[in-house]
Amino acid sequence: MALLINNDLIWISVPRCASTTIEYDLLNSELEIKKASLLLENEDKHFHIRKSHLYNEFGIKETICITRNWFDRWMSALQYFFDGTQYNHNLETIIEYKDIDNNFIYKHFDYQFSNKLIAGFVTKEKWKNWETIYKELVKTDNLEFVGHISMFLPENYWKDGERCTYEFDLKNINSFYNFLETKYGKKIKQSLDKKNKNRPENNKIIIDDTLKNFIWERFEKPFIKNKLL
């Protein structure tokens, strides 16, 4: 989701940064909220839209977003992709999240995966690339949820490699709400929505520098400013 707040502030929704809860809270607040046209055309879906596209629609305005440690966010995307696919959408993945280990990540999230993921956003072969990597992870011909692959793209992709005007860390999300309440003089009720929350579950992944470097090189480094944007 991406929204225009009181006609002067664009909320950039970054996947795995409490976007579903914030979306719900903003839409149910007393603030003047305008949805991007893509969202109006797909009322039942939760989309993430990069900053440049929002500028094209709403004009160049100040932006606000929630940020998160890059590795924590990627690991959250990994869990949500496998758990969410199975438990939220009743689709079978090639492995359950609890059984994923480092070797599985090294095998399936290699440069071939990341290159197709990136190509899906910078070429006209978007769906072809997405479908290929999606089908490698999910045992189904149902392609309705192919877009979930996008959550593996880094924060910098959604922000076009630049900082938002106002950024708030996920660990201190209350500051995000306090800022909006102070700026606009409207109380925003924080919901207890947990539908987008990972199921607590152990896995076989060992967090070490080798794993972090692997993810950084394939999913973060290509989107550093002045690189591929």
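The values are calculated or read from the model by the stated rules, or taken from the named source; none is laboratory data. Bear in mind that the values here come from a model prediction, so they are computed numbers and not experimental data. Positions of Cβ are backbone-derived with ideal geometry, glycine not excepted, and every protein chain shown enters the neighbour counts.
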Positions within the range 132-174 being over 18 Å from the mean Cα position of the chain (by Cα), in a helix (DSSP H, G or I) and surrounded by 14 or more Cβ atoms within 10 Å (Cβ to Cβ), in sequence order: 132, 135
Within the range 73-112, considering residues that are among the charged types (D, E, K, R) and part of a helix (DSSP H, G or I), the one modelled with the lowest pLDDT: 83
Residue match in the range 22-38 (condition: at positive phi and either surrounded by 14 or more Cβ atoms within 10 Å (Cβ to Cβ) or in the same structural domain as residue 180 (by TED's automatic domain parsing) (or both)): no
Test for residue 115: is it assigned by TED's automatic domain parsing to the domain that holds residue 77, surrounded by fewer than 17 Cβ atoms within 10 Å (Cβ to Cβ) and not in a loop (DSSP other than H, G, I, E, B): yes
Answer residue from the range 199-229, given it is crowded, with 16+ Cβ neighbours inside 10 Å and in a loop (DSSP other than H, G, I, E, B) and is modelled with the highest pLDDT among those: 205
Failed item in (1) under 24 Å from residue 162 (Cα atoms); (2) part of a loop (DSSP other than H, G, I, E, B), with residue 29 passing the rest: (1)
Flag for residue 56 being over 20 Å from the mean Cα position of the chain (by Cα), outside any loop (DSSP other than H, G, I, E, B), not charged (D, E, K, R) and not assigned by TED's automatic domain parsing to the domain that holds residue 140: yes
Checking residue 182 against (1) within 18 Å of residue 4 (Cα to Cα); (2) at pLDDT below 95, the condition it does not meet: (2)
Residue match in the range 86-103 (condition: among the acidic types (Asp, Glu), in contact with a strand residue (DSSP E or B) (Cβ under 9 Å, 6 or more places away or on another chain) and not assigned by TED's automatic domain parsing to the domain that holds residue 218): no
Residue match in the range 3-17 (condition: part of a helix (DSSP H, G or I) and within 22 Å of residue 173 (Cβ to Cβ)): no
